[in-house]
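Worksheet for the structure shown next.
Derivation of every value follows stated rules applied to the coordinates shown; laboratory data play no part. Fair warning: this is a prediction, and the values are worked out from it, not measured in the lab. Using ideal geometry, Cβ is built from the backbone for each residue, glycine included, and neighbour counts are taken over all protein chains shown.
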Amino acid sequence: MNHNSMKKLRNLGRKLDFFQSPVELMIHKKKSHQSLFGAFMTILMFSFVLSYIINKFVQLGQRKEFQTLYSEVYYEEIPIFPLNSKNFSLQFAFQTENQTNYIDETIYQVNAVMINKAQVIVNQKSSLQLTRTVIPLSKCTKIGIPYEDLEDQLDNVDSENTYCLDWNRVSDLSLIGTPEQENYTYIYISFQQCVNDTINIKSPVCKSKEEIQEKLHRNFILFQLSSYNIDLRNYLKPNVPKVEEIQTTISSKVKKDITLFMQPITTLTEEGLLDELVRKDSTIRYMKSQEVIDFNSDEALASVLIRLANTENISYRIYPKLQDILAQAGGLWEVLMLVFTIMVKPFQALSYKLDVINNLFNFEGQKSQNDQEDGSKQIIKRLTIVQEGVHNNEQDTSNILNQQQIKSSIRFPRGRLKTRTSKLLNSNSAQTEKSSNQMTNSPENDKLIQKGIRYALRKLFNIATLKLRFSPFDYLKYLKWGKKEGKFKQFNYSINKLEKCLDILFIIDKLQEIDKLKMILLTKQQVQLFDFLPKPLISLDPSNLQYNEQTMYFSLLKPYKSQKEKAHEAQLVLDELLENLDDPITIKLISLMDPNIFKLLQIQLDFKKRKLSKVITPDIIES
């Protein structure tokens, strides 16, 4: 990659700098200072925020991140909770001492009913109305397991010797309220010893009382009913079904009253990405059981009452919304901005000051970007040798002429001497002129002079001047406490000078010096005319603006020129000033630009004078 491409990449990188130092005036057509380090930190900060937003969006799509609110709500009047084969399942069995299921109606009998107690008003009197609805029971092998989500958990059940609710024959089943409420519905399952029914001929004949008591001496009752675990991480099904097992002992000598409390559970989920669209998932689960032992019953073995609890578990899942993610990203942006600003600002301030002083000063001991051999000095040496050769040649010719004149005055009379001297002068003059013309009129010398001037101007207008350069480690070294030496000392000195120049009092003082200069150079009337000079005039087509003698001094209207154009224009100006090289102001200006340029112009002027003049030898007249 060439230098120009690298320069373009660096300029493009600086434009990405978010931590730019504001300036009040334009510097190189920029309103703020930008650096590669600041651009890198800006990209890094954007990467952090962008990765955070992307990660949050992924989590939003996967519904993994949420907030949860739990509450236990107590109800004075619990609403109706209907039961069906999709949310409730119940099966139970008698077990022997070795916990083997068995069904034997000659030993025990089971009845299940749904009882509703309601306070009704009849003839303006409140009375309790009791309604019983028989719940059909069947062996689980006949009806299978209607609750599909529990099939895997009930595979090991002896379905041949287990009772199940026959949902095929259940029309309506529900749980309502608590005993304290006016409307109370519960499920009641009774277990009692077999008693012969003389009315029903189809009823089984019971075994003897001794056999029944022996069989029921030590038994178990196993209840398996559906329940739920709350898994809030499961977005689609937060209520995960499971089988709850309640096992208790039973005997013919005592009666147990067992109460199973079923608790309603509700999970509310905010599904909306922008608004609060709430989804509701409700069901019931087993909460707890309660047992009461009765020693005064002769035939009853146990009774199981299934009712609702007076509390409801409510879980509220709050998923982040788009505006929440953007707000969090904004907060992260503010934090990163503060942290990165603390990190970047010291380096950014140094970079800004370094850029300013490098455009105001040159620094000794620094190398330019395009270091090359100074060709103008080599050319000056060669031209100086040529110039000295011409001078020596003329001097040698003059000495030879004087010696020949002395010899001729001795050997010849005065008349013949004059003729001899004239011939000799003509001969030597022609020889000297020929030799000088060969040196001064040489095209090679003109090319060398022009080449030397170009070298000097290229060096003068070269963009890569003697700039102060800091590596990343130099920035860290400078920020350390301690004595500053070398280029750090140069940096501090130049910064002090810059801060002095930026002082408003210093600027006003310099403006006053301009007024003083006007007073020195101009008369009172000229100062007044100076104030009446018009403002710059912009033509209808500014791109083709032609400068005349009046408008060429308005610096605001001068177009921007590249370094190559400046060097070419300077060379034309130097050619025009060649005839006026004796002006002390011109000499001083050219010397301040580059001493080599002045030397080359002196050599060029000397050659030009020698080219136009001729060597004139005065007549030698002896008295």
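Length gain on complete extension for the stretch Arg132 to Glu364, per 0.36 nm per residue less the alpha carbon to alpha carbon distance?
In short, 72.5 nm is gained.
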- Message: Considering just Cα atoms, how many Å³ per residue does the convex hull of region 30-88 enclose?
- Response: 210
- Message: If R₀ is 22 angstrom, what is the calculated FRET efficiency for the pair Phe57 and Met343, using the beta carbon separation as r and rounding to 0.05?
- Response: 0.20
- Would you mind calculating the gained length between Lys253 and Asn229 on full extension (0.36 nm times residue separation, minus the Cα-Cα distance), in nm to one decimal? 4.9 nm
- Message: If I model a spin label at Glu76 and Asn111 as a point 7 Å from the Cα along the Cα→Cβ vector, what separation in nanometres do I get?
- Response: 3.7
- Fewest-first ranking of Tyr52, Tyr108, Tyr352, using other Cβ atoms within 10 Å as the exposure measure: Tyr52, Tyr352, Tyr108
- Task: Give a quick list of chymotrypsin sites (Phe, Trp or Tyr not before Pro) in region 285-348 that DSSP marks as loop, anything other than H, G, I, E or B, with at most 13 other Cβ atoms within 10 Å.
- Result: Phe295
- Item | For Tyr102, net neighbour charge (Lys/Arg +1, Asp/Glu -1) across residues whose Cβ lies under 10 Å away | -2
- Task: Using R₀ = 60 Å, calculate the FRET efficiency as 1/(1 + (r/R₀)^6) where r is the Cβ-Cβ separation of Leu498 and Arg279; round to 0.05.
- Result: 0.35
- Message: Which trypsin sites (Lys or Arg not before Pro) in region 46-96 sit in a loop by DSSP (not H, G, I, E or B) and have at most 15 other Cβ atoms within 10 Å of their own Cβ?
- Response: Lys64, Lys86
- Calc'd 3J(HN,Hα), region 207-224, phi into Karplus 6.51 cos²θ - 1.76 cosθ + 1.60 (θ = phi - 60°), Hz, glycine/Pro = x, comes to 6, 5, 4, 5, 5, 5, 5, 5, 5, 9, 4, 9, 10, 10, 10, 10, 9, 10
- Would you calculate the separation in nanometres between label points at Leu16 and Thr311, each defined as 7 Å from the Cα along the Cα-to-beta-carbon direction? 5.8
